[in-house]
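Undergrad: Handing you a structure now.
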Amino acid sequence: MTHDEAISRAKEIASRVLAPSAGQNDKAGRFSTEAIESLGESGLLGLMVPAAIDGSGLGPRTFANVTAALAEADASVAMVYLMHILGAATIAAARPSAAQAVKPILQEIAAGRHLSTLAFSEAGSRSHFWTPISRARRNGSGVRISAKKSWVTSAGHAQSYIVSSLAPDGTGPTDSTLYLVPAQTRGLSVAGPWDGLGMRANASAPVALEDCEVPANFQLTEDGAGFQAMLSVVLPLFNLGTASVALGLCRAAVAGTSAHLKSARFEHLGQSLGECLPTLRAQLAAMQIDTDGLSARIDDLIEHLERPRDTTMLRVLETKAAAGDVAISVTSAAMRVCGGAAFSKHLSIERLFRDAHAGAVMAPTGDVLREFIGKARLGMPLF
Ligand SMILES: Cc1cc2nc3c(=O)[nH]c(=O)nc-3n(C[C@H](O)[C@H](O)[C@H](O)COP(=O)(O)OP(=O)(O)OC[C@H]3O[C@@H](n4cnc5c(N)ncnc54)[C@H](O)[C@@H]3O)c2cc1C
């Protein structure tokens, strides 16, 4: 699959499968299994799996474009996709001694039959996912893990979870290890419902691990090297992916607002809203400017990821922080411009507005990113 083919497959699935049911799934808080089936059949679940393991071996540029295309139709599905791509990337980066054991799972991902996700956040350390409270206990050459994971996208639907836990002998708060935990592992269960304000169709429910046994060959990082993998493998793609979801939401908000301004009419004046009111046109223009600005920012991050340099980590941090703010601002403007029609849920704008708020809340949150950037500017330690 080429870059262009991947994007055209994503757009086709977005219009045929995602768009028609996004509203109903949001209302019902229903996870779209048919969306995941279509993504699997199209090869998009194996997008970044190396070609040597039957995947498409594509990079961050394609990932960002595919995620934005999905988000334009249904941000919940795009978030599921994003967490899956991160799970797959973490499995693909497994330490050499686990590479053979995880290969069949990567092949299943490439074949579109396996959905993965990240289970990092814990009830105890909340959004500070880099400091798990749980600690793995030695069990022969493997470990046993008990943990309260507070939000896990695709909970109950994924075939595997990438679980963080403090290393058995770790001494510092960030001395974590990452493990691959198959969904059917004894002791792993979905621990509650998901009834969020936004992203209602992505099953981001809590997951409990009670004395789950994980063999040594499903330990993805060396003991205590989980934090480094979070920074080098997960963070850049997560921030790029959430920014791409934000971009998809902004594009949908601009399109939805434009359509409403063209179709809704003041019959007594013989004009559409858009023809009649320059103030609405100006707000629509500002939404378009902010959306294109976010798109340019994402392109800049992609370039930094393709050709890493001194400023790459700064761009990684900045892009998610900015994207969260832009998505909230653009969808808020859409709510204002579309007035009562948006407020009374006659349009999909209010779903976009609710979904946009998830990006800023998802860790690293916008606040934490700004805190890191400020500290970095002042030469202060981040952790
Ligand atoms: C839709 C959705 C899907 C999710 N999916 C997953 C998933 O798949 N896997 C996963 O591991 N997690 C997931 N999460 C969890 C997410 O990443 C965060 O951990 C979670 O939203 C944090 O919420 P909290 O209330 O516990 O944050 P808190 O830590 O209680 O934060 C409360 C407030 O304090 C601010 N704050 C916290 N620390 C600082 C700081 N150092 N400086 C400045 N401000 C700070 C925050 O920005 C926030 O505004 C998901 C969350 C959502 C909403």
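The values are calculated or read from the model by the stated rules, or taken from the named source; none is laboratory data. Note that the coordinates shown come from a computational prediction; the quantities given were computed from them, not determined experimentally. Cβ: placed from backbone, ideal geometry, glycine included. Neighbour counts: every protein chain shown. We work out accessible area using only protein heavy atoms, side chains counted, and drop any ligands, DNA or RNA first. Shrake-Rupley method; radii C 1.70, N 1.55, O 1.52, S 1.80 Å.
Undergrad: Tell me, which helices (runs of 4 or more DSSP H) wholly within the stretch 37-136 include 1 or more residues that are within 16 Å of the ligand (Cβ to nearest atom)?
TA: Working: elements: 60-73, 75-92, 96-110.
In the stretch 37-136, the matching helices (runs of 4 or more DSSP H) lie at 60-73, 75-92.
Undergrad: Going through the stretch 51-63 one residue at a time, which ones are open to solvent by less than 50 Å² (accessible area, probe 1.4 Å) and over 18 Å from the mean Cα position of the chain (by Cα)?
TA: First, the residues of the stretch 51-63 that are open to solvent by less than 50 Å² (accessible area, probe 1.4 Å): 53, 55-60, 62-63.
Answer for the stretch 51-63, where residues must be open to solvent by less than 50 Å² (accessible area, probe 1.4 Å) and over 18 Å from the mean Cα position of the chain (by Cα): I53, G55, S56, G57.
Undergrad: Do we find a residue being within 12 Å of the ligand (Cβ to nearest atom) and more than 18 Å from G87 (Cβ to Cβ) anywhere in the stretch 147-154?
TA: Taking the stretch 147-154 and keeping what is within 12 Å of the ligand (Cβ to nearest atom), we get 147-154.
Pick out the ones that are also more than 18 Å from G87 (Cβ to Cβ) and you get 148.
Checking the stretch 147-154: at least one residue is within 12 Å of the ligand (Cβ to nearest atom) and more than 18 Å from G87 (Cβ to Cβ).
Undergrad: Residues in the stretch 184-202 that are among the small types (G, A, S), surrounded by 21 or more Cβ atoms within 10 Å (Cβ to Cβ) and within 9 Å of the ligand (Cβ to nearest atom): how many? Lay out the reasoning, then the answer.
TA: Restricting attention to the stretch 184-202, the residues satisfying the condition of being among the small types (G, A, S) are 187, 189, 191-192, 196, 198, 201.
Checking which are surrounded by 21 or more Cβ atoms within 10 Å (Cβ to Cβ) leaves us with 198, 201.
Adding the requirement that they be within 9 Å of the ligand (Cβ to nearest atom) leaves 198.
Number satisfying all stated conditions: 1.
Undergrad: While we're here: Filter the stretch 156-181 down to the residues that are within 20 Å of the chain's Cα centre (by Cα) and open to solvent by 10 Å² or more (accessible area, probe 1.4 Å), then identify the one that is farthest from the ligand (Cβ to nearest atom).
TA: Within the stretch 156-181, the subset within 20 Å of the chain's Cα centre (by Cα) is 156-164, 178-181.
Checking which are open to solvent by 10 Å² or more (accessible area, probe 1.4 Å) leaves us with 156-157, 159.
Numbers: G156: 12, H157: 12, Q159: 15 Å.
Taking the candidates together, the pick is Q159.
Undergrad: Here is a list of conditions, (1) touching a residue at least 40 places away in the same chain (Cβ under 8 Å); (2) in a loop (DSSP other than H, G, I, E, B), and Q184 meets all of them except one; can you say which number that is?
TA: (1)
Undergrad: Residues A264, A243, A225, A229: which one is within 28 Å of the chain's Cα centre (by Cα) and either surrounded by fewer than 21 Cβ atoms within 10 Å (Cβ to Cβ) or farther than 30 Å from A68 by Cα (or both)?
TA: From the options A264, A243, A225, A229, the qualifying one is A225.
Undergrad: Exactly one of these conditions fails for K345: (1) open to solvent by 30 Å² or more (accessible area, probe 1.4 Å); (2) touching a Lys or Arg at 6+ places or on another chain (Cβ under 9 Å); (3) in a helix (DSSP H, G or I). Give me its number.
TA: For K345, the failing item is (3).
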